[in-house]
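The values are calculated or read from the model by the stated rules, or taken from the named source; none is laboratory data. Treat the numbers as computed from the prediction; the structure is a model and nothing was measured. Because the Cβ atoms are built from the backbone with ideal geometry, glycine has one as well, and the counts that use them run over all protein chains shown.
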Amino acid sequence: MSLDMIRSIVQQAKKVKSVKTIYFEGGEPFLYFPILVEGARHARRNGFDVGIVTNGYWGVTVDDAKLWLEELKRIGICDLSISSDNLHEYDEDKNSSRAFEAAKELGLPVSVLETRLPSKDSKGDVVFRGRAAKNLAKDYRTVKWSELSECPESLASPGRVHIDSLGWVHVCQGIAVGNICIKPLASIVKSYRPAADPIIGPLIRGGPAELARVHRVRRRQTYADGCELCYECRVKLQEEYSDTLVPDQMYGTYR
Ligand code: SF4
């Protein structure tokens, strides 16, 4: 995402009074460090609280990690969330732990997002979204599809949205309600009619099971959780609802 685009998002967010905090998430925002720093500075100057989510790959040593963080400390971020991610091989050396330690030593508000696989008999304490639904859920399918009647996101009245590098505004990753390159964020928020939306409406009324029912999606008998069923339905519906189920990358399709 370019700095111009970040500036545009900040300006558009100022026109939506309910937006108080802007998070920089990934991918991995530290891969674009100068843009991250300038984007965070711009958001702070415009009155927003700023949070950042990172996997802490840059924590090669604690002293090095402090160098990465010093400017963010000066800017004044309200949260640094570090994914402690045992599903990725890079972190065998515990870079995320050193990044955490450095943030603590600098007095930054820091927390750890723990990513882990569930036990075989767990139900619902791990959410399988996106690639997790595709690659990890198969060993944990114990719940009957018809019981998956709730979506954990507040789709009727979202407390947050995600904006991707193409400008799509997501209420959950892969479910877009507009694109800020086409329509201002304030207009997207104002015209949000979740109950009438063919994807979001069923999810609100009866969760992923209702989405499958309404669109007569062929499905298995059991799933790891509702998000796996939801993702599977959306993959099958993506071509038909190509204005909402975007971008293609989130569904593993490139047109
Ligand atoms: S059920 Fe679907 S919309 Fe709801 S949180 Fe899971 S993936 Fe997102």
On the given criteria, is Val10 more than 27 Å from Ser191 (Cβ to Cβ) and of a type in the set (Val, Ile, Thr)?
-> no
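Of the residues that make up the range 48-57, is at least one farther than 20 Å from Leu113 by Cβ and modelled with pLDDT of 95 or more?
There is at least one residue in the range 48-57 that is farther than 20 Å from Leu113 by Cβ and modelled with pLDDT of 95 or more.
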If the Cβ limit is 9 Å and pairs must be 6+ apart or interchain, which residue in the range 205-223 that is free of Cβ contacts under 8 Å to residues at least 40 places away in the same chain pairs with which residue that is within 11 Å of the ligand (Cβ to nearest atom) and charged (D, E, K, R)?
-> Leu211/Arg234; Val217/Glu232
Give the range 1-18 a look and list any residue that's part of a loop (DSSP other than H, G, I, E, B) and either of a type in the set (Phe, Trp, Tyr) or farther than 29 Å from Ser96 by Cα (or both), or say none.
-> Lys15, Val16, Lys17, Ser18
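Against the definition (more than 29 Å from Asn179 (Cα to Cα), surrounded by 14 or more Cβ atoms within 10 Å (Cβ to Cβ), within 19 Å of the chain's Cα centre (by Cα) and among the small types (Gly, Ala, Ser)), how does Gly51 come out, yes or no? Give the steps one after another, and end with the answer.
Details: more than 29 Å from Asn179 (Cα to Cα): no; surrounded by 14 or more Cβ atoms within 10 Å (Cβ to Cβ): yes; within 19 Å of the chain's Cα centre (by Cα): yes; among the small types (Gly, Ala, Ser): yes.
No, not satisfied.
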When only residues in the range 158-187 that are among the polar types (S, T, N, Q) and under 17 Å from the mean Cα position of the chain (by Cα) count, which is nearest to Lys15 (Cα to Cα)?
-> Asn179
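How many of the residues making up the range 94-109 are more than 12 Å from Gly76 (Cα to Cα) and among the hydrophobic types (A, V, I, L, M, F, W, C)?
In the first step, residues of the range 94-109 are kept if they are more than 12 Å from Gly76 (Cα to Cα); the result is 94-105.
From what is left, the residues that are among the hydrophobic types (A, V, I, L, M, F, W, C) are 99-100, 102-103.
Within the range 94-109, residues that are more than 12 Å from Gly76 (Cα to Cα) and among the hydrophobic types (A, V, I, L, M, F, W, C) number 4.
Among the residues of the range 196-205, write down those that are part of a helix (DSSP H, G or I) and away from the ligand (no atom under 11 Å from the Cβ).
The first filter runs over the range 196-205 and keeps only residues part of a helix (DSSP H, G or I), leaving 196, 200-205.
Those that are part of a helix (DSSP H, G or I) and away from the ligand (no atom under 11 Å from the Cβ): Ala196, Gly201, Arg205.
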Taking the options Trp145, Trp168, name whichever one is surrounded by 15 or more Cβ atoms within 10 Å (Cβ to Cβ), away from the ligand (no atom under 12 Å from the Cβ), aromatic (Phe, Trp, Tyr) and within 29 Å of Gly39 (Cα to Cα).
-> Trp168
Is it the case that the range 223-238 has a residue that's within 16 Å of the ligand (Cβ to nearest atom) and over 19 Å from Lys134 (Cβ atoms)?
-> no
Take the residues of the range 148-165 that are within 12 Å of the ligand (Cβ to nearest atom) and among the acidic types (Asp, Glu): which is surrounded by the fewest Cβ atoms within 10 Å (Cβ to Cβ)?
-> Glu150
Please state which of the following conditions Glu210 fails to meet, knowing it meets all the rest: (1) under 18 Å from the mean Cα position of the chain (by Cα); (2) within 14 Å of the ligand (Cβ to nearest atom).
-> (1)
From the residues in the range 189-217 that are out of contact with any Asp or Glu (no Cβ under 9 Å at 6 or more places or on another chain) and over 30 Å from Lys14 (Cα atoms), which one is surrounded by the most Cβ atoms within 10 Å (Cβ to Cβ)?
-> Leu211
